[in-house]
Every structure is written in structure tokens, then in C-alpha cells.
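The values are calculated or read from the model by the stated rules, or taken from the named source; none is laboratory data. Note that this is a predicted model, so its numbers are computed, not measured. Glycine also receives a Cβ, built like all others from the backbone with ideal geometry; neighbour counts cover every protein chain displayed. Ligands, DNA and RNA are excluded from the accessible area calculation, which covers all protein heavy atoms including side chains. Shrake-Rupley method; radii C 1.70, N 1.55, O 1.52, S 1.80 Å.
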Amino acid sequence: MAKIKRATFGSKVGVILASAGSAVGLGNIWRFPYETGNNGGAAFILIYLGCVLILGLPIMISEFIVGRRSRANTAGAYSVLAPGTPWKWLGRIGVLTAFLILSYYSVVAGWTLEYIVEATTNSFVGKSSSDFITSFITFSSNPWKPILWLVLFLLGTHFVIVKGVEKGIEKSAKIMMPTLFILLIVLAICSILLPNAGTGIEFLLKPDFSKVTSSVFLSAMAQAFFSLSLGMGCLTTYSSYFGKDTNLTKTAFSVGIIDTIVAILAGLIIFPAAFSVGIQPDAGPSLIFITLPNVFQQAFSGLPALAYICSVLFYVLLAVAALTSTISLHEVVTAYLHEEFKITRGRAATFVTAGCIFLGIFCSLSLGVTKEYTLFGLNTFDLFDYTTAKIMLPLSGLFISLFVGWYLNKKVVKAEITNDGTLKTFLYHIIIFLLRFIAPIAIAFIFINELGLLK
Ligand code: TRP
């Protein structure tokens, strides 16, 4: 992150909050529920949790090691630790991935702004489930409205990046994150109390392994990488500002636990509500935008003021959660351009923002006006999501685990994990084992399986 960030990362809370701020976002509240819905529910969640534990955490620790050791931006980091080798491409591809993710992520982030306005102007009141579906489709396929919000969201991100107001972000994260958490718990309780909520809870908790195919594994792995902000140097960049005394393993566990709890809570809100109002769980990216307004209306039908406050608050917090993630994505590319091409931070940020607006417009239009233009059956929006989350992140993750597990000097890895021998070494052996064997083999296996080469 920005140079200013280094100073603020003195505290453990700062380290965890910044990393959790990057991890917790639309991936948890928007992407996780619809991927769970598309992939059959509880069995997907179990595989997802497995991916977090044996792939996500060791790879997160690897990214931390690379960042803290090199103290450089993600592309520079590999040049510092492996000078003159092709490893620098791992960093460069990460930068490209960040750029692509930011482009389509901002489209959805923009939608949250529209929903803040709708919630504030009370336009959820009196709508039925099918009204919510229609109004979402009308909005997202409108040629200019979502683009306006997309531009606004990216300009907001840009503003924070050029200002480098890390203190502002961290301070607000300290208030916003716990508020989001409390609100999620309240909403989950409301959702569970809705009529017919049981079917949704069952969908979430009772695994049906007959629905598990190779693509469920790929989706679960992709979701783990996406949600934990792994595979493109986001956390490498952050960890270059960690202090010497930061316990990398503990930090990774904290981030992993916070991120998982938020995702599960989101599932507990969406599915009971979706089943209760008769919306299919495989509605895709629109899922939270049609079920949630419904939850607010139905759960608090006798208390319109509460319904109003909760809906406004929810979308505001969702936008904030998205903002802390877009900042982390934007910063990866900005820091890279700024440091590697020696241009000013402001100019670097302008390039990134302009480029993302350009690509974001294509993503946004592909949900409406240019819907028929597809590649491999996917529109631009889905194509960006598929290639980044399902190919680039896990593939980079594979190489990161190989880099730390096999290439990097073991003394360096040990020194980083144990903070120069001051922490217990037993975890070091487990982490190294996971990085050397389990993570690369599991990722390769999931890919090969998906390509159908095993059949
Ligand atoms: N993890 C964030 C979310 O869940 C999105 C995100 C931020 C991300 N940085 C990333 C995803 C890096 C992949 C890689 O919303």
C-alpha cells in the first residue's frame, strides 16, 4: 500500500483490519451466496471450507512471507527475492488480474450505490418478489444508469487512493466492520424467523453429495481464492507494511476466520429468505439484489421504520465493504505503475481508474445491451469473472506455493514464519508440507479433473 500505510501498520489490529478489509467484500456477501446456490448448497460449502483450510491459509501465509521479506510491490517482490528469474511474471500477472477483477467488481459495487438510493427513497415498500426481480433486471440492463454508478464508485476509490488516506480508511473500517458484523447477525436472525425458512437452512446445512461434480470443486477453490483476496499479490502488497513482530500465521488465521464467518452469515441471510419468498437459489449474480430487499420488507412488515433503517444501513455497509476491497485491488496496480515505471502516484492512479472505467463499461453493457455477444457462451462480465477467479487466481496460487515451498531458501521461510525463531516451529513444518505437496497437487488435480482428463 501507500508509504503512509507502513506507519499505521504498527498495531496488530491495524494489520488484521487492513487485510480483513481487503478480504471481506462483495465476494462474501454477493458472490459466495450465488456460487453456493449455483453449486447445490451445503456440499459446496464443505468443499469451500476445505479449500480455505488447506489451500487458502498456506497460500495466504506465502503471500505474507513474500511481501514482508521483500518489502516491495508485488511485481517488484519477486525481482527482489528471485532476481533475474522469470518469477517476476508471477507478480506481473497478478497486477493484470487485479486490473481485470477491479473492472467487473466495480460494476457490482456500483449496483450497491443504486440500492442505497432506492433504500433511502423508500422504493422497496409495497413491492412483491416478482417486482424485485423485474426492477433488478430493468436496472442492470439499463445502458447508462449502472455505468454512472460504476464511474462514481471508481472515482470514490480513486479519491482515496490518491489522497492515501489510510488512516481514514482504517479508522472507518474499525467502526464499519463491527457494525456490518452486528447487522449481518440481526438480519440472519430475521431471515431464519421467516416462514418456510427451514428449507433454506436445510439447503445450507445438509450436504447432497450427488450434486458434486468437478466444476463444484473448481468453483469452491475459485471462491476461496477470491474471497480471501489471494493469488494476485494483494496481500503481498499489504504485508510489505507489516511489522517485524507480526505473527504471520496468526494473522492469516484471523483473516480466514473473519472472512468465513461473514460468508456463512451472508448465506444464513440469503437462503432462508430466498426459499421463504420462493426465489430459486441459483438466480446468479442478481441473487442478493432481489432477495435482500424482500427480507427487509417481510421481516419487518409491522415496523416500517426498522425496515427502512436496516435496508439503508445494509447497503451503505455493503458499499463500504466493497470500497475497502476495491481500494486494495486498485492499490496493487497503482503501486506497480508508480514504482516500476517511475510515474507519480496520482498519474498511476489516473491510468488505473480510466482503464477500469473503460473495461467496466463493457462488463456493465454485457448484462443488457450487448448481451448476445458472447465468448465460450459467456458475456464479458462472466468471462472476466471466470478467467480471473477460476483460472488466474488458482494458477497463480499454485505458483506462489511452489515459490515459497520449493524455490525460496528454507531459512528465509522459517525465519518469517517463526519471526526469527521467537515463535514455535511446529506450525512451520505443517505449512511447508502443505505448500510443497498438498496445495500444488490439489490445485493441479482440480484443474485436470475439470478439463476432463481423468475420465
Ligand atoms: N476478497 C474481496 C472480496 O471478497 C475481493 C478482492 C479484493 C480480491 N482483493 C482481491 C479478490 C484480490 C481476489 C484477489 O470481495
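Data table
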read-out	value
Long-range neighbours under 7 Å by Cβ, at least six apart or interchain, first residue open to solvent by 10 Å² or more (accessible area, probe 1.4 Å) within the stretch 323-342, second within 9 Å of the ligand (Cβ to nearest atom) and part of a loop (DSSP other than H, G, I, E, B)	324/25
Residue satisfying condition, being within 23 Å of residue 340 (Cβ to Cβ), at pLDDT below 95, of a type in the set (Gly, Ala, Ser) and open to solvent by 10 Å² or more (accessible area, probe 1.4 Å), within set 70, 22	70
Flag for residue 52 being touching a residue at least 12 places away in the same chain (Cβ under 8 Å) and not in a helix (DSSP H, G or I)	no
Residue list for the stretch 405-454, filter: buried (at least 18 other Cβ atoms within 10 Å of the Cβ) and touching an Asp or Glu at 6+ places or on another chain (Cβ under 8 Å)	none
Number of positions in the stretch 370-404 that are open to solvent by 80 Å² or more (accessible area, probe 1.4 Å), in contact (Cβ under 8 Å) with a residue 40 or more places away in the chain and over 22 Å from the mean Cα position of the chain (by Cα)	1
Selected residue (only one of 90, 17, 100 is assigned to a helix (DSSP H, G or I), within 12 Å of the ligand (Cβ to nearest atom), of a type in the set (A, V, I, L, M) and open to solvent by 10 Å² or more (accessible area, probe 1.4 Å))	100
Segments classed as helices (runs of 4 or more DSSP H), wholly inside the stretch 185-244, with at least 2 members that are more than 10 Å from the ligand (Cβ to nearest atom), more than 18 Å from the chain's Cα centre (by Cα) and farther than 19 Å from residue 262 by Cα	197-205, 214-227
